[in-house]
Amino acid sequence: MKLIRILTLALTASALTLTTVSCREKSTGEAIGDKVDDALDARPAEGVRDAVEKVTE
């Protein structure tokens, strides 16, 4: 019975940790950097992204 309680607590703590880490929002600096990259067309693989955008239109 004690083992089940410990395992349940460990699994719950792991799930909460993974949820918190995976739902991280971008900071203000990252958001500004993304906007600058978009304005300058300096995103990684810009040509590929533009080709995909044209195909999906």
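See the values below:
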| item | result |
| --- | --- |
| Helix axis angle, 46-56 relative to the chain longest principal axis, alpha carbon, degrees | 90 degrees |
| Total charge dipole magnitude, the chain, about the Cα centre, Cβ charges on Lys, Arg, Asp, Glu only, Debye to nearest 20 | 740 debye |
| FRET efficiency estimate (nearest 0.05) - Cβ-Cβ, Arg5 to Asp38, R0 35 angstrom | 0.10 |
| Largest-first ordering by accessible area, 1.4 Å probe, given options Arg5, Arg49 | Arg5, Arg49 |
| In Hz, Karplus ³J(HN,Hα) per residue of segment 2-15 (6.51, -1.76, 1.60; θ = phi - 60°; x = Gly, Pro) | 5, 5, 4, 5, 5, 5, 4, 5, 5, 5, 5, 4, 5, 5 |
| Straight-distance crosslink candidates among lysines, where the alpha carbon sits under 19 Å from Lys26 and sequence neighbours closer than 8 are dropped | Lys35 |
| Positive-end residue of Ile32, Ile6, Thr17, charge dipole of the chain with Cβ unit charges | Ile6 |
| Full-extension gain in nm, Arg49 to Ala31, via 0.36 nm per residue minus C-alpha separation | 4.6 nm |
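The values are calculated or read from the model by the stated rules, or taken from the named source; none is laboratory data. Since we're looking at a predicted model, the values are computed, not measured. We place every Cβ from the backbone using ideal geometry, glycine too, and count neighbours over all the protein chains shown. Remember, those area values only see protein heavy atoms, side chains included, never the ligands or the DNA or RNA. Shrake-Rupley method; radii C 1.70, N 1.55, O 1.52, S 1.80 Å.
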